[in-house]
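*Asks:* Below are the structure tokens for one structure; questions will follow.
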Amino acid sequence: MDAFHIISTAPYFAKNTGAFTLEDFDLYCAVISALTWRRDGSRIFLCCDKAGGEYFKNAGLGKVWDEVRECVPGDLEGVDPEMFWAAGKIFAMREMYAPCVMIDTDFIVWNKPHFGREIIAAHREDIKPDIYPPAEYFSAQGHIVPEFNWEVLPLNTAFFYVPDEDYKQFYTSQAIAFMKSAAHCGERLKYMVFAEQRMAAMCAEYTGTPVKTLLDKDMLFFPQDSFTHLWGAKQVMRDHPELRVEFCGRCADRIRRDFPDWAWTIDRIKEVGR
């Protein structure tokens with residue numbers, strides 16, 4: 001099963017000057033995620049824009065993936081990179097051929113699920129008004145199918161298996177149209193998760209595409225050994241340097257133990273990670 005990671009630098013450059021760079025714990029997790037996916041012969045690609053491709057080429061880490069594909073538009077085709085900070089995921093999916101799996105770089109799949117004709121998402125999410133507001137909130141937007149069901153629970157796409165081209169093309173076209181139609185308002189959360197996660201569920205129901213999830217939304221923080229998602233742990237590591245050092249050390253040990261032929265990546269991460 002083909003999978004892909006995504007690096008879009010547009011959100012970074014919208015807020016920063018100077019060269020693009022990633023944090024060390026992000027790089028460790030991305031490398032382990034890619035190598036773990038490849039263990040059984042499955043392929044995983046790194047989809048990025050030109051700046052992202054140059055970063056991984058200069059970092060010497062491109063070989064971790066089966067191929068680095070510069071298929072994400074650097075300008076996000078006019079989509080606001082601050083409002084839609086995860087838009088690169090949808091543009092990358094548009095360029096991939098289904099069936100395929102989209103995986104966040106901070107998500108590791110230790111045990112693969114069975115892939116069939118159902119969409120597989122990381123988990124469902126509750127519809128909380130402060131995150132997923134009602135239809136009236138988006139009344140000024142012109143690209144939302146009127147028949148969409150606003151009651152269907154959103155799909156978290158940290159892991160997102162898309163089983164067929166018809167659904168993929170419909171979802172990505174609807175999400176991109178919405179993002180391009182959105183008036184700049186400075187809202188970074190509600191608009192992005194609508195385009196990425198709520199529309200994923202709405203499009204699935206609209207097209208009659210069945211859905212299952214890796215995790216139950218009410219048991220996300222229970223111990224499990226099939227998946228690892230850094231999620232909020234990234235901010236914790238930024239706030240507590242000692243935890244960051246511990247985590248990166250554990251990742252280096254994991255690479256040496258499970259992927260000894262790739263131990264050279266550790267020195268590269270230490271050199272280029274911020």
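*Asks:* Looking at the stretch 177-193, which of the residues that are crowded, with 21+ Cβ neighbours inside 10 Å and touching a helix residue (DSSP H, G or I) at 6+ places or on another chain (Cβ under 7 Å) is modelled with the lowest pLDDT?
*Replies:* Residue satisfying both the conditions and the ranking: A182.
*Asks:* Just checking, does the stretch 69-77 include any residue being of a type outside the set (V, I, T), more than 18 Å from M199 (Cα to Cα), in contact with a Lys or Arg (Cβ under 8 Å, 6 or more places away or on another chain) and modelled with pLDDT under 95? Spell out the reasoning first.
*Replies:* Let us first name the residues in the stretch 69-77 that are of a type outside the set (V, I, T), namely 69-71, 73-77.
So of that shortlist, the ones also more than 18 Å from M199 (Cα to Cα) come out as 69-71, 73-77.
Okay, now just the ones that are also in contact with a Lys or Arg (Cβ under 8 Å, 6 or more places away or on another chain), so 70, 74, 77.
Keeping just the survivors that are modelled with pLDDT under 95 gives none.
No, the stretch 69-77 contains no residue that is of a type outside the set (V, I, T), more than 18 Å from M199 (Cα to Cα), in contact with a Lys or Arg (Cβ under 8 Å, 6 or more places away or on another chain) and modelled with pLDDT under 95.
*Asks:* Collect the residues in the stretch 95-111 that are touching a helix residue (DSSP H, G or I) at 6+ places or on another chain (Cβ under 8 Å), of a type outside the set (S, T, Y) and surrounded by fewer than 16 Cβ atoms within 10 Å (Cβ to Cβ), keeping them in residue-number order.
*Replies:* Of everything in the stretch 95-111, just one residue is touching a helix residue (DSSP H, G or I) at 6+ places or on another chain (Cβ under 8 Å), of a type outside the set (S, T, Y) and surrounded by fewer than 16 Cβ atoms within 10 Å (Cβ to Cβ), namely W110.
*Asks:* Right, next: What is the residue count in the stretch 143-162 for residues that are more than 17 Å from the chain's Cα centre (by Cα) and touching a residue at least 60 places away in the same chain (Cβ under 8 Å)?
*Replies:* 2
*Asks:* Take I44 and decide whether it is out of contact with any Cys (no Cβ under 7 Å at 6 or more places or on another chain), among the aliphatic types (A, V, I, L, M) and modelled with pLDDT of 95 or more.
*Replies:* It is true that I44 is out of contact with any Cys (no Cβ under 7 Å at 6 or more places or on another chain), among the aliphatic types (A, V, I, L, M) and modelled with pLDDT of 95 or more.
*Asks:* How many of the residues making up the stretch 227-256 are assigned to a loop (DSSP other than H, G, I, E, B) and over 18 Å from the mean Cα position of the chain (by Cα)?
*Replies:* Taking the stretch 227-256 as the starting set, the residues that turn out to be assigned to a loop (DSSP other than H, G, I, E, B) are 230-232, 240.
Those left that are additionally over 18 Å from the mean Cα position of the chain (by Cα): 240.
Total meeting the criteria: 1.
*Asks:* Now for a separate question. Can you tell me which residues in the stretch 230-272 are modelled with pLDDT under 95, among the β-branched types (V, I, T) and under 17 Å from D106 (Cα atoms)?
*Replies:* The one that is modelled with pLDDT under 95, among the β-branched types (V, I, T) and under 17 Å from D106 (Cα atoms): V236.
*Asks:* Exactly one of these conditions fails for M83: (1) at pLDDT 95 or above; (2) within 18 Å of the chain's Cα centre (by Cα); (3) within 17 Å of M199 (Cα to Cα). Give me its number.
*Replies:* (1)
*Asks:* Another question about this same structure. Return only the number of the condition from (1) on the phi > 0 side of the Ramachandran plot; (2) modelled with pLDDT of 95 or more that G18 does not satisfy.
*Replies:* Going through the list (1) on the phi > 0 side of the Ramachandran plot; (2) modelled with pLDDT of 95 or more, G18 breaks only (2).
*Asks:* Under 6 Å by Cβ, and 6 or more places apart or on different chains, what pairs join a residue from the stretch 9-28 that is among the β-branched types (V, I, T) with one that is part of a loop (DSSP other than H, G, I, E, B)?
*Replies:* What qualifies is T9/F20; T9/D49; T21/R274.
*Asks:* For the stretch 203-225, what are the residues that are of a type outside the set (A, V, I, L, M), modelled with pLDDT of 90 or more and part of a loop (DSSP other than H, G, I, E, B)? I'd like the intermediate steps shown before the answer.
*Replies:* Looking only at the stretch 203-225, we keep the residues that are of a type outside the set (A, V, I, L, M), and these are 203, 205-210, 212-213, 216-218, 221-225.
Now narrow it down to the ones that are modelled with pLDDT of 90 or more: 203, 205-210, 212-213.
Passing the criteria: G208, T209, P210.
Conditions tested, residue by residue: (1) hydrophobic (A, V, I, L, M, F, W, C); (2) touching a Phe, Trp or Tyr at 6+ places or on another chain (Cβ under 7 Å); (3) more than 19 Å from C185 (Cβ to Cβ).
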{"residue": "I119", "(1), (2), (3)": "yes, yes, yes"}
{"residue": "I127", "(1), (2), (3)": "yes, no, yes"}
{"residue": "Y137", "(1), (2), (3)": "no, no, no"}
{"residue": "E151", "(1), (2), (3)": "no, no, yes"}
{"residue": "P163", "(1), (2), (3)": "no, no, yes"}
{"residue": "Q169", "(1), (2), (3)": "no, no, yes"}
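*Asks:* Where residues in the stretch 78-104 are part of a loop (DSSP other than H, G, I, E, B) and among the small types (G, A, S), which of them is farthest from L189 (Cα to Cα)?
*Replies:* From the stretch 78-104, those part of a loop (DSSP other than H, G, I, E, B) are 79-86, 96-99, 104; that's our starting set.
Imposing the further condition that a residue be among the small types (G, A, S) reduces the set to 86, 98.
Working: A86: 10, A98: 28 Å.
Filtering the stretch 78-104 for residues that are part of a loop (DSSP other than H, G, I, E, B) and among the small types (G, A, S), the one farthest from L189 (Cα to Cα) comes out as A98.
The values are calculated or read from the model by the stated rules, or taken from the named source; none is laboratory data. Treat the numbers as computed from the prediction; the structure is a model and nothing was measured. So basically every Cβ, Gly included, is an ideal-geometry build from the backbone, and we count neighbours across all protein chains shown.
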